[in-house]
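S.K.: Would you mind keeping the following structure in view while I ask a few things?
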Amino acid sequence: MKSKKVRIVSIILMMVMLLVSLPIACYAEEVSIKKKMITVIDDEEQYVEIACPPRRIVVLHREAADILYALGCKDSIVGRSMRMTTVPSLKAKKVVGGEAAPAVELIMKLNADLVIPSGCGSLRYELRDKLASVKIPVLMMNHIVGIDELKAKVSLLGLIMDKREVAGKLLEFIDNYYELVRSRVKDLRPDQKPRVLFLCGHSKSPWGVHGSESTRANKLLIPAGGISVSANLPYFMPTASQEWCMQQNPDIIYYDPFARNIKGGLESIRDEIMNRPGLKETRAVREGKVYVCTWSSESGLWQIVGFVYMAKSLHPELFEDIDPCEVKQEVARLIYGEEQMINDPISFYKWW
């Protein structure tokens, strides 16, 4: 009889323990699920909850795509914009339309768990709102210009993709080149820094320049050891005049064409600038110091190449041992590994 009572008590105790443990088990499972999500703040200061890591990314942002490739996450990309065809594996991804206005229906069919829109343009906000209505996370990211901004985005995507160790190695690579340039130009006096007329390739006017709000001038040209003669002009890309440009008499003229496929190549653009009325009388043209490097070399991971090219163009005596062509090959391997590029994402006029 006593043993029977003991068995009953034991059974009751086991049932009580089971009931008590159920909420704990449910809570543990809930915590486990929450650990697979991450909340980040995007460039529009919006909180975005994303699966960590996301498995099905539609990326319309070229610079973000390059970082994802460099992090070893190319297989997580399932959709792209029509112009993103740098390497075969990226070209093979499903096309969801143009960068500015992709088809929401195609994105939905891909079961995307993260969309990264283009880095500029008003239509990306419309895309964000449409995708929000169907619960697809959207990470708004501006164009990545400036080494500090690049490092921040590598860290962010490394966190989202759960690739913090790989991101750390990328940051080390970026820092090595940035510090190489900064260490050689940091002690230059103002009179040792060339005055640069930085013509803006995104302007509709041939006399468009990089103004006071230009990230390309403020975050690349100036840290590379140059002085922008248009730094005091308002806005991002103000329009100067032929007379104003001639009066500045710059030591160097730098131009960043927006188009990648240029008829006649960069040499034809350089020739046009050197023969342009108002410029051909300047010191820069007389001494042949006119440099051309495409707009795309000033953003994302490729800006490492653009930064080095600027530094070598501004101070060739300080960077005789640095070849931007070799840096370009190094960055290509960093992003795409051994995969061969179908088309060249950046180009520059080689003068050395």
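S.K.: Does anyone have the angle between helix 123-132 and the longest principal axis of the chain? Alpha-carbon axes, 0 to 90°, nearest 10?
M.R.: That works out to roughly 0 degrees.
S.K.: Please give the FRET efficiency for Glu272 paired with Met82, using the beta carbon to beta carbon distance and R0 = 41 Å, rounded to the nearest 0.05.
M.R.: E(calc), rounded to 0.05, equals 0.85.
S.K.: What net charge do the residues around Leu170 carry, taking every other residue with its C-beta under 11 Å from that of Leu170, with Lys and Arg at +1 and Asp and Glu at -1?
M.R.: Local charge sum for Leu170: +1.
S.K.: Turning to a different aspect of this structure: Evaluated at 20 °C with a viscosity of 1.002 mPa s, what Stokes-Einstein diffusion coefficient in µm²/s does the chain have when Rh comes from the Kirkwood expression over alpha-carbon pairs?
M.R.: It comes out at roughly 94 µm²/s.
S.K.: Right, next: Using only Cα atoms and rounding to the nearest 10 degrees, what angle (0 to 90) does helix 164-185 make with the longest principal axis of the chain?
M.R.: It is inclined by approximately 20 degrees.
S.K.: Sum up the charges of everything whose Cβ sits under 13 Å from the Cβ of Pro194, counting Lys and Arg as +1 and Asp and Glu as -1, but leave Pro194 out.
M.R.: Values: positive: Arg189, Lys193, Arg195, Arg283, Lys289, Lys312; negative: Asp191, Asp251, Glu287, Glu317.
Neighbourhood net charge equals +2.
S.K.: First measure r as the distance between the Cβ atoms of Ser241 and Leu159, then evaluate 1/(1 + (r/R0)^6) with R0 = 41 Å and state the FRET efficiency to the nearest 0.05.
M.R.: 0.30
S.K.: Rank by packing, highest mean first: peptides 322-332, 208-218, 291-301, with packing defined as the count of other Cβ atoms within 10 Å averaged across residues.
M.R.: 291-301, 208-218, 322-332
S.K.: When Met161, Met246 are ordered from fewest to most other Cβ atoms inside 10 Å of their Cβ, what list results?
M.R.: So the residues, fewest neighbours to most, are Met246, Met161.
S.K.: Students often get this wrong: which residues of the stretch 192-212 have the backbone nitrogen under 17 Å from the point 7 angstrom along Cα-to-C-beta of Leu318?
M.R.: 192-197
S.K.: Give me the net charge of Val138's neighbourhood, meaning all other residues with Cβ under 12 Å from the Cβ of Val138; Lys, Arg count +1, Asp, Glu -1.
M.R.: Its environment carries a net charge of -3.
S.K.: If you don't mind, there's one more thing I want to ask. Roughly what percent of Cα-Cα pairs across the stretch 34-83 reach past 13 Å?
M.R.: Looking at the stretch 34-83, the distances longer than 13 Å represent 64 percent of pairs.
S.K.: Grab the eigenvalues of the alpha-carbon gyration tensor for the stretch 141-294, scale each by 5, take roots, and send me the semi-axes largest first in whole angstrom.
M.R.: Whole-Å semi-axes of the equivalent ellipsoid: 32, 18, 15.
S.K.: Ratio of the stretch 131-192's C-alpha Rg to 2.2 N^0.38 Å, to two decimals?
M.R.: For the stretch 131-192, the normalised Cα radius of gyration is 1.59.
S.K.: When a footprinting reagent is the concern and you count Cβ atoms within 10 Å, what order do Ser268, Ser118 take, fewest first?
M.R.: Ser268, Ser118
S.K.: Right, here's the next one. Mind ranking 341-349, 143-151 by how tightly packed they are, going by the mean number of other C-beta atoms within 10 angstrom, highest first?
M.R.: Highest mean packing first, the order is 143-151, 341-349.
S.K.: Which of the residue pairs Lys91/Lys163; Lys186/Lys312; Lys153/Lys186; Lys193/Lys289; Lys36/Lys74; Lys169/Lys350 have a Cα-Cα distance greater than 22 Å in the structure shown?
M.R.: Lys91/Lys163; Lys153/Lys186; Lys169/Lys350
S.K.: Here is a further query. In whole Hz and in residue order, list the ³J(HN,Hα) couplings for the stretch 49-57 that follow from phi through the Karplus curve 6.51 cos²θ - 1.76 cosθ + 1.60, θ = phi - 60°; x for Gly and Pro.
M.R.: My calculation for the stretch 49-57 gives 9, 10, 4, 10, x, x, 9, 9, 9 Hz in order.
S.K.: Springs between alpha-carbon atoms under 10 Å, Gaussian network over the chain: tell me which of Asp251, Asp42, Asp187 tops the mean-square fluctuations.
M.R.: Asp187
S.K.: Let me ask you something else. Tell me the angle of helix 147-160 to the major Cα principal axis of the chain, expressed in degrees between 0 and 90 and rounded to the nearest ten.
M.R.: 20 degrees
S.K.: Can I ask one more? Whose amide H sits under 5 Å from the amide H of Leu114, counting only residues 5 or more places off or on another chain, with H placed in the peptide plane?
M.R.: Arg56, Val58
S.K.: More than 26 Å apart: what percent of Cα pairs in the stretch 37-167 qualify?
M.R.: 11 percent
S.K.: With both partners inside the chain, how many of the DSSP beta bridges are antiparallel, as a percent to the nearest 5?
M.R.: That works out to approximately 30 percent antiparallel.
Taken together, the values in this text are just the output of simple stated rules run on the coordinates, not laboratory data. All of these numbers come straight from a predicted model, not from anything done at the bench. Note: ideal-geometry Cβ built from the backbone for every residue, glycine included; neighbour counts use all protein chains shown.
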